[in-house]
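Structure record follows, encoded as structure tokens.
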Amino acid sequence: MKIIITIILLYSFFSSHAQQGIINGRIINELTGDPIPFVNIIISNTNIGTMSDSLGHFELSGIKDEFIRLQLSSLGFEPFISEVIYVSKIKNTSIELKMTPGSETINEVTVKGRTFISKPESPVSLQSIGVDLIEKSAGANRDISKVLQSFPGVGNPLSFRNDLIVRGGSPAENKFYLDGIEIPTLNHFSTQGSSGGPIGILNVDFIREVQFYSSAFPASRGNSLSSIFEFSQKDGDQDQTSFKGSVGASELSLSINGPLSKKTTYIAGVRRSYLQFLFDQLGLPFLPTFNDFLFKTKTRINAHNEITFLGVGALDQFKLNPSPEPSDENNYILSYIPTNNQWNYTVGTVYKHFFNNSYATIAISRSHLNNSSYKYRDNIETDENLTYDYQSNEIENKLRVELTAKPNQYSINIGTNLEFGEYNNYTYSKIFSNNTLLEQQYNSDLSIIKWGVFGSVSHPFIDNRLSLALGIRMDATNYSSQTNNFTDQFSPRFSASYLLSNRLVLSGSVGQYFQLPSYTTLGYRKNNTLINKQNKISYIKSNHFVLGIEFRPNDYTRLSFEGFIKDYSQYPFSVTDSVSLASKGSNYDVFGDEEVTSSSSGRTNGFELLFKQRSPKKLSLLLSYTFVRSEFTDINNKLIPSSWDSKHLFTATISKKLKRNWDIGIKWRYIGGLPYTPYDFEKSSFVVAWNSRGREYLDYSKFNTERLDPFHQLDFRIDKTYTFNTWSIGFYFDIQNLYNKQSKNAERLIVAKNSNNEPIILNPEAPLNEQKYQLKTLQTYSGTVLPTIGINIEF
């Protein structure tokens, strides 16, 4: 090992370290698929350029930077700037770029003025996340879900989970798409019915770009209230096969990409965690293991037809540690956390056919989530100790058909979608309610059909200074009479932007959006009846109002301000706990499997400030501040803070490219103190109550009346890459929570035990249903210094 390190260091010192990359690619017409000849191509902020040939092909050599963007201009086409492109130094980088027909002429100023993404339908509330930030973000450890937390409006209630709280909305209000295919599950050990989990499921080696909408949603994307994430994957290499292996903070990964034939490329990868081994050595009370896979093939059948196949899936296993480090906190966790196993997959295909001035898209997919968990009192597996047993499947088959056209400067998109969903659930649980221990047991099978239509149109006016966009969407299902009428879910949206000067843009958007409650809510049964159907639950509705102004002082700097309001109605309201489901969904339980009514309303509002810069001096800077209030009604129809009412969110992310292939980055996050609900000491102390749950009960009459201290954390990362003729090796050192900030959690309760490690009962002579445990408080903290060394090998 010492010899290898010595060789690498000598190479670093004596080599020119100036190995250069090559990009070859093809430029095509976005609407027809035809190649575009004689396009001017320039690497942003350089004088390096070339021109495409008569077949749209081009090659750029002598590229020293690892991450670049390309500027394209051609007569009869709108100027174009690519997403950030990773340039390998050991092989050619292949890419296909698409340009949109337009009336604009070649204009260098116009090209540079569009360095940051903007769309007529979404002139506000849209961010683009490039591969440079995804690959080397401090504190993210190559987890795309953690990278997303750097952007304005995005909060996270727990440092060890990936729940995304966008502009004060629930984590259940987000939707995710991978190359146009919806992926219902984004995280390992996912919270069913919501979207959070501790570790992201996507392999960052494959992600090219992420587009993040926090409002002004495209009409083609429905069933979301807070955000839509569009993940775009890289295409496989057209010329040669290459491999990449990585060792990260929690997993090993291996990926491969290359050509399958002259017309088909592929990428594929697998990951497996070693968390179970690490957690056991650290004496933690649980032992998780995750595995995942991802693949994609793309076939260019001919100039007017292409088809993509993709798949992503995971296998997650979570068991308890029989011999953890003895502590009150570990004992507390073992007393309530269940054993959990999950697997899921999504497979899909996207077919595109190009016409003379338009193209059609057909997307077909199937997703399946299998989730099971169980819990025994004191973790002794006998029939009488069983307190919880849950087994569930969610299966969705989806079809979406779209037509996109751009006649006479109009941009038109119309389409329809059809979905077939199946949900089944077996639940057994012991519940303490009204001072009585109850047993709940039910089987539920639900089949549901969903359908929708959508359309949007946009057009520029006043010499392209004014852009207007109108979109309409309608959705329905056969679940009940409350959900099967198109007009009840009529979802219009309107956006406008006006170029006040070459550097200053004023934009706004209004829209009405709908989301169907989760399958766990739709399929919940009480006395063998779909009780929520009987309660006439309906789609959740949210009206968005956004106004923003953006200033671009130069070609690589963006400063923006956005104010937003989200008004909610028809939100599910828990009958048992008397709180809105808008405040739930960020733990490891199943979300939404309870009786509800569509009677809650709420509002989130605030503003965002963003400063974003990618300077020619290879310095990237992202500063974002969000002020947000999130409130939903209680049982008295009074607005109270939701569980996401953090008020203040601030993130500073800085990265710098240094000489000799060194990179350095830091990230500092601040999240205002979140509300929480104190425990109900009296209810928690009953023996039968505690034994059925294994932890304290919350006092929902005091819902969110307390507030935690603010959370803040500094992360640091440094990268070094060594490049050889046919392979490269990269090392990174990442430290999360550099100054070891300890955040106090809400106070908890634990059963006191005697010298024989037996629970202390205060009144053992009383009848069982009147007996009480002696409880004591438990104060825990989250946050610790977490150093990680990672290795990436490419060949």
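Given their separation in residues at 0.36 nm each and the Cα-Cα distance between them, Asn341 and Ser54 gain 97.8 nm when the chain is fully extended.
Enter the accessible area per residue of the chain (Å², integer; probe 1.4 Å; all protein chains in place). Show your work: numbers first, answer last.
Details: 33110 Å² over 795 residues.
With the other protein chains kept in place, the chain gives 42 Å² per residue.
Using alpha carbon coordinates only, what is the Rg to Rh ratio of the range 18-91, with Rh defined as the Kirkwood radius? Mind showing how you got there, number by number?
On the way: Rg = 12.3 Å, Rh = 12.7 Å.
Answer for the range 18-91: 0.97.
Out of every Cα-Cα pair that the range 540-627 contains, those further apart than 16 angstrom amount to 67 percent.
Taking a ≥ b ≥ c as the square roots of the Cα gyration tensor eigenvalues, with a/c under 1.5 meaning rounded and otherwise prolate when a/b beats b/c, else oblate, which class fits the range 364-467?
Prolate.
Could you compute Rg(Cα) / (2.2 N^0.38 Å) for the range 253-361, with N its residue count? Spell out each step's value before the answer.
On the way: Rg = 21.9 Å, N = 109, 2.2 N^0.38 = 13.1 Å.
Ratio of Rg to 2.2 N^0.38 Å for the range 253-361: 1.68.
For the range 55-97, the alpha-carbon coordinates run over 36, 22, 16 Å along the three principal axes, in decreasing order. Remark on the range 349-401: Rg and Dmax equal 22.4, 70 Å (Cα only). Legend: residues Met51, Met474, Met99, sorted from most to least accessible area (1.4 Å probe; ligands, DNA and RNA excluded), read Met51, Met474, Met99. Phe561 exposes around 90 Å² of accessible area when a 1.4 Å probe is run over every protein chain in place. With only Cα atoms counted, the range 429-572 has Rg and Dmax values of 22.5, 72 Å.
Quote the relative contact order of the range 167-265 in percent (integer), defining contacts as alpha-carbon pairs under 8 Å separated by 6+ residues.
Across the range 167-265, relative contact order equals 25 percent.
Per-residue surface analysis assigns Val751 an accessible area of about 20 Å², computed on protein heavy atoms at 1.4 Å probe radius. Straight-distance candidates among the lysines for linking to Lys533, with alpha-carbon spacing under 17 Å and chain neighbours fewer than 8 residues away dropped: Lys450. Relative contact order of the chain, taken over Cα pairs closer than 8 Å and 6 or more residues apart, is 10 percent. Reported value for the range 181-249: 127 Å³ per residue, from the convex hull of its C-alpha atoms.
Counted over all Cα-Cα pairs of the range 144-270, pairs farther apart than 22 Å make up 41 percent. With every protein chain in place and a 1.4 angstrom probe, the accessible-area ranking of Arg221, Arg693, Arg161, largest first, reads Arg693, Arg221, Arg161. Take the Cα of Asn754, step 7 Å toward its Cβ, do the same at Asp463, and the gap between the two points is 9.1 nm. The charge dipole of the range 703-795, taken about its Cα centre with unit charges on the Cβ atoms of Lys, Arg (+1), Asp and Glu (-1) only, comes to about 160 debye.
Only protein heavy atoms count here; on that basis, with a 1.4 Å probe, Leu320 has an accessible area of about 30 Å². Each Cα pair under 8 Å and six or more residues apart adds its separation to the average, and for the range 318-430 the resulting relative contact order is 22 percent. How many angstrom lie between the C-alpha centres of the range 385-427 and the range 227-304? Computed from Cα coordinates, the inter-centre distance equals 24 Å.
Under a no-solvent Debye model with one identical scatterer per Cα of the range 673-795, what's log10 I(q)/I(0) at q = 0.14, 0.15 Å⁻¹? Log-scaled intensity ratios, in q order: -0.77, -0.82. The gain in end-to-end length when the Ile364 to Val270 segment is fully stretched comes to 31.5 nm, 0.36 nm per residue minus the alpha carbon separation.
Nearest 5 is fine: what % of DSSP beta bridges in the chain come out antiparallel, could you say? Provide the component values of the computation, followed by the final result.
Working: 314 of 326 bridges.
The antiparallel fraction comes to roughly 95 percent.
Across q = 0.13, 0.32 Å⁻¹, the range 388-435 modelled as identical point scatterers on its alpha-carbon atoms has Debye log10 I(q)/I(0) values of -0.59, -1.08, in the order of the q list. Plainly put, the range 604-741 has a radius of gyration that is 1.19 times its Kirkwood radius, both from alpha-carbon atoms, as the Rg/Rh ratio. Based on the alpha-carbon gyration tensor of the range 723-795 and its eigenvalue square roots a ≥ b ≥ c, which shape applies: rounded if a/c is under 1.5, prolate if not and a/b is larger than b/c, or oblate? In terms of gyration-tensor shape, prolate. Counting only the Cα atoms, the chain fills a convex hull of 154 Å³ per residue. On the basis of the beta-carbon distance and an R0 of 60 Å, Ile549 and Ser323 show a calculated FRET efficiency of 0.50. Each Lys and Arg contributes +1 and each Asp and Glu -1, all at the Cβ; summed about the Cα centre of the chain, the dipole is approximately 2000 debye. Kirkwood hydrodynamic radius, the range 299-438, all distinct C-alpha pairs: what's the number in Å? This gives a value of 19.7 Å.
Positive end of the dipole of the chain (Cβ unit charges, origin at the Cα centre): among Thr483, Leu609, Ile395, the Cα lying farthest that way belongs to Leu609. Here the range 242-317 is treated as a sphere whose radius is the Kirkwood value from Cα pairs; by Stokes-Einstein at 37 °C and 0.692 mPa s it diffuses with a coefficient of 227 µm²/s. Using only alpha carbons, the range 490-570 has a radius of gyration to Kirkwood radius ratio (Rg to Rh) of 1.28. Its alpha carbons considered, the range 255-298 gives a radius of gyration followed by a Dmax of 16.9, 53 Å.
Mind giving me the FRET efficiency for Glu770 and Gln440? R0 is 30 Å, r the Cβ-Cβ distance, nearest 0.05 is fine.
For Glu770 and Gln440, the calculated efficiency is 0.85.
The values are calculated or read from the model by the stated rules, or taken from the named source; none is laboratory data. These figures come from a predicted structure and were not determined experimentally. Glycine also receives a Cβ, built like all others from the backbone with ideal geometry; neighbour counts cover every protein chain displayed. Just so you know, the surface numbers come from the protein's heavy atoms only, side chains and all, with ligands and any DNA or RNA stripped out. Shrake-Rupley method; radii C 1.70, N 1.55, O 1.52, S 1.80 Å.
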